[in-house]
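Some notes on the structure that comes next.
The values are calculated or read from the model by the stated rules, or taken from the named source; none is laboratory data. Every value quoted in this text rests on a predicted model; they were computed, and no experiment measured them. Neighbour counts are summed over all protein chains in view; Cβ atoms, including those assigned to glycine, are modelled from backbone coordinates with ideal geometry.
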């Protein structure tokens, strides 16, 4: 303040030197008084500003820091006439509006941006029809939900779900049956708990029903949990194939999470709830040699190929007389039995062709057959030709 007054006095003195002495001294005193009043007002304003800034700083420090959350975009709706698809879409949009803090007047417009396919075509047609008829357009969220439910929500959802329950049967894993049953029950709202439990147990396989009855389940939630934890049995076909001791399908390996452990002579089932090791079994026993191999005739092989069966055929190639090759047991036995029938050298040419005598010889005192010749049905002939 002292420095400010000093500067003002210096400026006044410089003005007086330039303009000359002021004739009236009262004007100068009034001017100085006004300047002092302005300086006092400036000090008050500055103090109030400092107080406001201090208050704002304290509020900012007391307010907790909120991390910026990226709101995920909901999935689009393509107009599928499915109660689950439509209800999930409307639920996702409502949650998106809450997190993004969307105003009520913008909800209908934002929802229309997530419509694709048939749903977008329905929206465009509805907007054009309302404009041509002079009706009020859809601009509220509640009205848009009502219009979409009237258009895409099937009216017989509960009946379709009940019909699906009648056709539902356990044909594979229990976990897949539990998943399908739970999905159908989402569309049925007015069913008693006892009826739900009965429908669930009725379509299960008998051994699973006995297992759940042994656990004394009383309601559907406990039955679902107990059925999901049931450990069942499956059939596997083991075929000895030289280096291959077992053949399992990819679907079976994916569902049961099986890992083959050849050094332990077994497989490991890597299920989270119940991992265990299944030991393997040798088809001929440990330390025993294989017996005689079965012979596959050419006619049997041809029938198998015609019927589309998977056929494996093995043969010996590149046999050298000066090299000892270990033969399979079955082939070695056949060669030893047929040793005298095979010539040491094959003929260089074919034998001469013989003339065929087509004469029919009649035998005396023989009565020809009276019965009609046998005629084969087309179905039997087709089966024989396979």
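Side notes on the structure shown:
- Scanning the stretch 153-171 for residues that are loosely packed, with under 14 Cβ neighbours inside 10 Å and either touching a strand residue (DSSP E or B) at 6+ places or on another chain (Cβ under 7 Å) or assigned to a loop (DSSP other than H, G, I, E, B) (or both) yields a total of 5.
- Residue among 144, 115, 184, 121 that is over 15 Å from residue 90 (Cβ atoms) and surrounded by 13 or more Cβ atoms within 10 Å (Cβ to Cβ): 184
- Filter pass, residue 370 being surrounded by 10 or more Cβ atoms within 10 Å (Cβ to Cβ) and either in a loop (DSSP other than H, G, I, E, B) or modelled with pLDDT under 75 (or both): no
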